[in-house]
Structure formats: C-alpha cells, structure tokens
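Engineer: Take this structure, written in structure tokens, and hold onto it; I'll ask about it next.
The values are calculated or read from the model by the stated rules, or taken from the named source; none is laboratory data. Only a predicted model underlies this, so the values are computations on that prediction, with no experimental measurement involved. Cβ coordinates were reconstructed from backbone atoms using ideal geometry, including for glycine residues, and neighbour counts include every protein chain displayed. Surface accessibility is based on the protein's heavy atoms, side chains included, excluding ligands, DNA and RNA. Shrake-Rupley method; radii C 1.70, N 1.55, O 1.52, S 1.80 Å.
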Amino acid sequence: MADKQVSLPAKLINGGIAGLIGVTCVFPIDLAKTRLQNQQNGSRLYSSLSDCLLKTIRSDGYFGMYRGAAVNLTLVTPEKAIKLAANDFFREMLSRDGQKLTLLREMLAGCGAGTCQVIVTTPMEMLKIQLQDAGRIEAQRKLIPQAVSSAPASSVATEIKRPQTAIQISRELLRSKGIAGLYKGLGATLARDVPFSIIYFPLFANLNKLGQKHPDTKAPFYVSFLSGCVAGSTAAVAVNPCDVIKTRLQSLQRGAHEDTYSGVVDCVRKILRKEGPAAFLKGAYCRALVIAPLFGIAQVIYFLGVGEVILDFLPHGRHD
C-alpha cells in the first residue's frame with residue numbers, strides 16, 4: 001500500500017462502500033454456493049452453479065436469487081470496514097519505523113484482521129444461510145415429496161414452518177438460545193476467516209507492489225483490482241473445506257435424510273464417511289467467483305480513496 005496516511009473514518013467508509021457494491025454484484029453466486037454446499041448425497045437438486053441459478057429463477061423469479069441479501073447489505077459495511085481497517089491497524093502496529101513488513105508480520109496482521117471480523121461475520125452468515133437455503137428445502141419438498149414424507153423425524157432439524165425475515169429468525173434464536181444462537185459455528189467461522197486473512201492480505205500486498213513504479217506511489221487501478229481478485233480467489237479456495245463445515249453447522253433446516261451435526265469434529269467425520277473428501281470442495285469455484293470480484297472491488301475503492309473524497313465534503317473532514 002502507499003505510504004499515504006489514511007484516516008480511520010476514511011478506511012471505514014471505503015470498506016463499507018466496497019462491500020455494498022461487491023455484495024450486490026455477486027450475491028446470486030453466493031446463494032448458489034450455499035445451496036450446493038448444503039445438499040448431501042441422496043438429496044441433490046442442483047448439479048452446478050448454472051443449474052442452481054436457473055432453477056431458482058424458475059421457482060422464485062429473478063429476485064429469488066437475492067434471498068438473504070438484505071442481511072448482507074446491512075452487515076457487510078461493518079464487516080468489511082472492520083476487516084480492512086483492522087488489517088491496516090495491525091500492519092502499522094507491527095511495522096518498525098516505517099520499514100517494510102516481513103512476510104510473517106504481514107501474516108500476523110492478517111490473522112488479527114480475520115479474528116476481529118468474526119464479531120460481525122458469524123451472526124451475518126448465520127442469518128444469511130437460513131434465508132438462502134430455505135429455497136432449497138422448499139424445492140426439495142416440491143420435487144421429491146415422497147422422500148420428504150418418508151423421512152424419519154430424527155433426520156430433520158428444527159424447521160422454520162413459514163417464510164421468515166432475518167429479524168424474526170434473530171428473535172427466535174435469541175429467545176430459545178440467547179446470544180449464543182446467533183454465534184453458532186463461531187469456531188468454524190474463525191477456522192475459515194483467520195486463515196483466509198493470513199493468506200489474502202500478504203498475497204495482495206505483495207502482488208500489488210509488483211505494479212508500483214516507485215515505493216511511494218500507488219499501483220495503477222487495474223493492478224489493485226487484479227491483485228485483489230487473484231489474492232481473494234486463492235484464499236477462498238484454500239479455506240473452502242472450513243467454509244463447507246461452517247455452512248453445514250449453521251444451517252438450522254435439513255432436507256430429507258440429511259445429517260445433523262453436533263460440532264466440527266462430528267461434521268468432518270460424517271462428511272468424510274458419507275460423502276468423501278471431495279465434499280469439502282463443494283462450491284469452491286462459486287466461492288472463488290464470489291470473493292475475486294468482491295475483494296477486487298474493495299481494493300479499488302480503497303485505493304481510489306473514495307472515503308477521503310466523501311470526508312472532504314464534510315466540515316473538518318480532514319481532521320477526523
């Protein structure tokens with residue numbers, strides 16, 4: 001990154017705007033990723049990303065692909081703001097007299113950023129997954145009703161009997177399980193987001209430096225974008241097994257004959273035994289397609305300094 005000091009408010013604005021734009025662009029792919037990861041052997045409705053999106057449009061219309069988007073659009077601003085700002089904070093804390101950070105220190109900064117973001121990420125993902133996967137459960141009941149009707153009661157987790165909003169689901173979880181209900185899958189989220197940030201931020205920083213003509217100047221627009229895309233997709237695929245586990249653990253609803261899980265170890269054991277190691281890569285290419293533009297856009301907004309421009313229009317914006 002350039003040596004130019006950027007205020008914390010500007011970093012938060014940049015991260016928030018980038019998150020809103022990115023989520024709006026890639027949310028349908030994220031919905032397909034969730035549904036592909038959650039379907040288990042014997043209850044497969046979708047064969048691919050395109051098949052999932054086409055069936056979703058057929059059954060729920062175009063806006064069916066954006067089921068659960070409101071949760072992301074509401075919480076992605078603080079989530080992305082915390083992630084980007086925390087990474088910069090830890091990089092500054094770990095730097096010595098402005099000297100270049102070592103790879104280990106860059107990874108430690110990424111670790112700190114990933115740990116901080118789960119405060120928002122875990123409940124956001126928890127709510128989003130319920131809304132995204134509800135369409136898969138509904139479609140399964142319509143397409144294979146005989147399988148659903150013959151399913152033993154123990155094979156189906158607590159179900160939401162009617163379409164609910166994120167607020168209704170939140171109230172139900174808080175009433176029945178307290179704040180812990182919103183943080184179900186916290187361990188799996190940490191196992192995904194911390195390694196992701198450890199890989200992403202150092203990789204992005206070093207790729208971006210390749211496009212800098214001088215150490216004190218910013219890399220060109222396209223270099224920041226491509227660096228964000230490459231680093232994001234690489235990190236996304238690397239941690240996809242953890243994302244599969246997290247998605248399975250956070251899903252409150254189950255289709256016919258689908259397993260429930262008591263924890264991370266139980267989830268890993270059952271997936272390996274019944275679906276094989278390849279199941280941990282379910283939705284990997286979808287996740288790469290989601291994360292690549294998401295972080296590419298984020299870094300472009302960040303490096304264009306949109307937040308600084310906005311603050312310039314506010315009274316005393318430069319002094320915040």
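Engineer: Most mobile of 253, 164, 37 per a Gaussian network model of the chain (Cα springs, under 10 Å)?
Structural biologist: Among 253, 164, 37, the largest mean-square fluctuation in the Gaussian network model of the chain belongs to 164.
Engineer: Rounded to the nearest 500 deg cm²/dmol, what is the calculated helix-only ellipticity per residue at 222 nm for the chain, with -39500 (n - 2.57) per DSSP H run of length n ≥ 4?
Structural biologist: Computed mean residue ellipticity for the chain: -23500 deg cm²/dmol.
Engineer: While we're on this one: With θ taken as phi - 60° and the coefficients 6.51, -1.76 and 1.60, list the Karplus ³J(HN,Hα) couplings across segment 115-123 in order, rounded to whole Hz; mark glycine and proline as x.
Structural biologist: Result, ordered by residue: 5, 5, 6, 5, 4, 9, 4, 4, x Hz.
Engineer: Right, something else. If the only charges are +1 at each Lys and Arg Cβ and -1 at each Asp and Glu Cβ, what is the size of the charge dipole of the chain around the Cα centre, to the nearest 20 debye?
Structural biologist: Values: 38 positive and 24 negative charges, 170 e Å.
The calculation lands at about 820 debye.
Engineer: Each residue of segment 253-261 in order: what ³J(HN,Hα) in whole Hz does its phi give by Karplus 6.51 cos²θ - 1.76 cosθ + 1.60, θ = phi - 60°, with x for Gly and Pro?
Structural biologist: Result, rounded to whole Hz: 9, 9, x, 5, 6, 9, 6, 10, 10.
Engineer: Exposed loop trypsin sites (Lys or Arg not before Pro) only (DSSP loop, at most 13 other Cβ atoms within 10 Å): please give the longest stretch of the chain free of them, not including the sites.
Structural biologist: Formally, the longest exposed-site-free interval is 214-320.
Engineer: Any chance you could look up the accessible area of residue 92 with a 1.4 Å probe, heavy atoms only, rounded to 10 Å²?
Structural biologist: 90 Å²
Engineer: Counting only protein chains, not ligands or nucleic acids, how are 179, 169 ordered by accessible area (probe 1.4 Å), most first?
Structural biologist: 179, 169
Engineer: Ordering 243, 312 from largest to smallest accessible area (1.4 angstrom probe), what's the sequence?
Structural biologist: Final ranking, largest accessible area leading: 312, 243.
Engineer: With axes computed from alpha carbons, what is the tilt in degrees of helix 49-60 against the longest principal axis of the chain, rounded to the nearest 10 within 0 to 90?
Structural biologist: The angle comes out at about 60 degrees.
Engineer: Further, regarding this structure: To the nearest 10 square angstrom, how much accessible area does residue 233 have with a 1.4 angstrom probe?
Structural biologist: 30 Å²
Engineer: Additional query: Under 16 Å Cα to Cα from residue 55, which lysines show up? Leave out anything in the same chain fewer than 8 places away.
Structural biologist: Within reach: 33, 142.
Engineer: Hey, another quick one. Give the ranking of 48, 227 by solvent-accessible surface, highest area first, calculated with a 1.4 Å probe.
Structural biologist: Ranked from most to least accessible, the order is 48, 227.
Engineer: Kindly give Rg over Rh for segment 175-221, based on alpha-carbon atoms, with the Kirkwood expression for the hydrodynamic radius.
Structural biologist: Dividing the radius of gyration by the Kirkwood radius yields 1.36.
Engineer: Hey, another quick one. Quick check: residue separation of residue 47 and residue 309 times 0.36 nm, minus the Cα distance between them. What number comes out in nm?
Structural biologist: 89.8 nm
Engineer: With springs only between Cα atoms under 10 Å, which of 226, 84, 101 fluctuates most in a Gaussian network model of the chain?
Structural biologist: 101
Engineer: On the full set of protein chains, 1.4 Å probe, figure out the accessible area of residue 200 and give it in Å² to the nearest 10.
Structural biologist: In the full protein context, residue 200 sits at about 0 Å².
Engineer: Taking Cα pairs under 8 Å and at least six residues apart, what relative contact order does the chain come out at, in percent?
Structural biologist: 30 percent
Engineer: To continue, here is another question. In Å², what does the accessible area per residue of the chain work out to with a 1.4 Å probe?
Structural biologist: Computed with neighbouring chains in place, this is 46 Å² per residue.
Engineer: Can I ask one more? May I ask for the distance between the Cα centers of segment 4-76 and segment 213-267, given as a whole number of Å?
Structural biologist: Distance between centres, Cα-based: 12 Å.
Engineer: Using only Cα atoms and rounding to the nearest 10 degrees, what angle (0 to 90) does helix 186-209 make with the longest principal axis of the chain?
Structural biologist: 40 degrees
Engineer: Anyone know which of 277, 195, 28 comes out most mobile in the 10 Å Cα GNM of the chain?
Structural biologist: Top of the fluctuation ranking is 277.
Engineer: Another question about this same structure. Provide the convex hull volume over Cα atoms per residue for the chain, in Å³.
Structural biologist: Spelled out: Cα convex hull of the chain, divided by residues, is 142 Å³.
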